[in-house]
1. What about residue 135, is it in contact (Cβ under 8 Å) with a residue 60 or more places away in the chain, crowded, with 19+ Cβ neighbours inside 10 Å and farther than 24 Å from residue 76 by Cβ?
2. Across region 275-288, what is the total count of residues that are out of contact with any helix residue (DSSP H, G or I) (no Cβ under 7 Å at 6 or more places or on another chain) and within 23 Å of residue 17 (Cα to Cα)?
3. For residue 277, which of the numbered conditions (1) in contact with a Leu (Cβ under 6 Å, 6 or more places away or on another chain); (2) in a loop (DSSP other than H, G, I, E, B) fails to hold?
4. Quick one: how many residues across region 1-50 are assigned to a strand (DSSP E or B), among the β-branched types (Val, Ile, Thr) and under 26 Å from residue 313 (Cα atoms)?
5. Would you check which residues across region 20-66 are at pLDDT 85 or above, over 23 Å from residue 346 (Cβ atoms) and not aliphatic (A, V, I, L, M) and list them?
6. Any residue that is closer than 30 Å to residue 79 by Cβ and assigned to a helix (DSSP H, G or I) - is there at least one of those in region 201-218?
Amino acid sequence: MKGLILVGGYGTRLRPLTLSLPKPLVEFGNKPMILHQVEALAAAGVTDIVLAVNYKPEVMVAALKSYEAEYGVNITFSVEEEPLGTAGPLKLAEKVLRKDESPIFVLNSDVICDYPFKELLDFHQKHGGEATIVATKVDEPSKYGVIVHDLAVPNLIDRFVEKPVEFVGNRINAGLYVLNPSVIDLIEMRPTSIEHETFPQLVEKKQLYSFDLPGYWMDVGQPKDFLSGTCLYLSSLAKKESKALTPISEPFVNGGNVLIDPSAKIGKDCKIGPNVVIGPNVVVGDGVRIQRSVVLKNCQIKDHAWIKSTIVGWNSTVGRWARLEGVTVLGEDVTVKDEVYVNGGKVLPHKSISANVETPQIIM
């Protein structure tokens, strides 16, 4: 079995974090985003994983080579000299992906869910088509390209409707696919879109099916969705009664769904949660309140700080009585001085904030 992870671009939507690290290496739930996917692919029996990259490949290579022995997979890097879209990378990596006739999993690196790869493969092999799209249901389908099914054949896709004005369905493409190697024959070696060029050809051939995703799904490529996805991920861990979560019996846990690295230090009289992730070597002072936020490794949160809907970047310091909210994102090594208020600020790395930021803005 083979897998292709579309790593692609510059991660501009998740800046300022991606000014320090490529997006797939940014920690989500205290491990690199891409490691969630490598683990799930390996668990489904995938032995060859191709990463399609065109930005900072050398950083990715160093980090991911260590996963090969741990998960029993071969990881190769397909480096694009120009961005090739979502289909071009399949053609570029054809040598690896067509080494045998086993199906190919394809996934966008931003997507977080309970990856149902084994069930997806079973479904794909039973329907006998060339490709399967994982679909997820959404409340507002008018924002997306919607999947419309053939009424005569269960799960066979009849067409796609982009941002429908009238209701035609509520299933959208979740950015996870399983393809037969023959699909690569439909792709030219140029920048090209699997969604807009390859899938319509498969629809015409009546060879494209959809598989409903059980459980949660989120594209975590921008800060507000990163935080929403964190809430969904923590809720999923809670349903599984995962031992990774910090026990609600801890006096500082407020409302559950809290994931704290064992090396972090928590002060007295803190209220942490619900929906909080705290990374390695973080030091939290006394009387601190954190909810719906992510604090990445090596940060210091000083006494009585109040943090909500915020991502605190690596090696940052939040001062005493400071207040952060409104989807604030601190880049790496940012200092927020004592008693400073930040609402929706996106603060670039290595900055110091000594005045209030009352409206959402980029601090350069």
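1. It is true that residue 135 is in contact (Cβ under 8 Å) with a residue 60 or more places away in the chain, crowded, with 19+ Cβ neighbours inside 10 Å and farther than 24 Å from residue 76 by Cβ.
2. 8
3. (2)
4. As a first pass, look at region 1-50 and keep what is assigned to a strand (DSSP E or B): 2-8, 27-28, 31-32, 48-50.
Adding the requirement that they be among the β-branched types (Val, Ile, Thr) leaves 5, 7, 49-50.
Right, trim to under 26 Å from residue 313 (Cα atoms) and you get 5, 7.
The total comes to 2.
5. Of everything in region 20-66, those that are at pLDDT 85 or above, over 23 Å from residue 346 (Cβ atoms) and not aliphatic (A, V, I, L, M) turn out to be 31, 36, 37, 39, 45, 47, 48.
6. Yes: one or more hits.
Every residue, every condition in (1) over 16 Å from the mean Cα position of the chain (by Cα); (2) crowded, with 22+ Cβ neighbours inside 10 Å, yes or no:
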residue: 17; (1), (2): no, yes
residue: 22; (1), (2): no, yes
residue: 30; (1), (2): no, no
residue: 37; (1), (2): no, yes
residue: 54; (1), (2): yes, no
residue: 58; (1), (2): yes, no
residue: 61; (1), (2): yes, no
residue: 66; (1), (2): yes, no
residue: 70; (1), (2): yes, no
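Conditions tested, residue by residue: (1) out of contact with any Lys or Arg (no Cβ under 8 Å at 6 or more places or on another chain); (2) touching a residue at least 60 places away in the same chain (Cβ under 8 Å); (3) closer than 23 Å to residue 190 by Cα.
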| residue | (1), (2), (3) |
| --- | --- |
| 87 | yes, yes, yes |
| 92 | yes, yes, yes |
| 101 | yes, yes, no |
| 115 | yes, yes, no |
| 121 | yes, yes, no |
| 126 | yes, no, no |
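The values are calculated or read from the model by the stated rules, or taken from the named source; none is laboratory data. Source: prediction; values computed, not measured. Glycine gets a Cβ as well: all are built from the backbone with ideal geometry, and neighbour counts include every protein chain shown.
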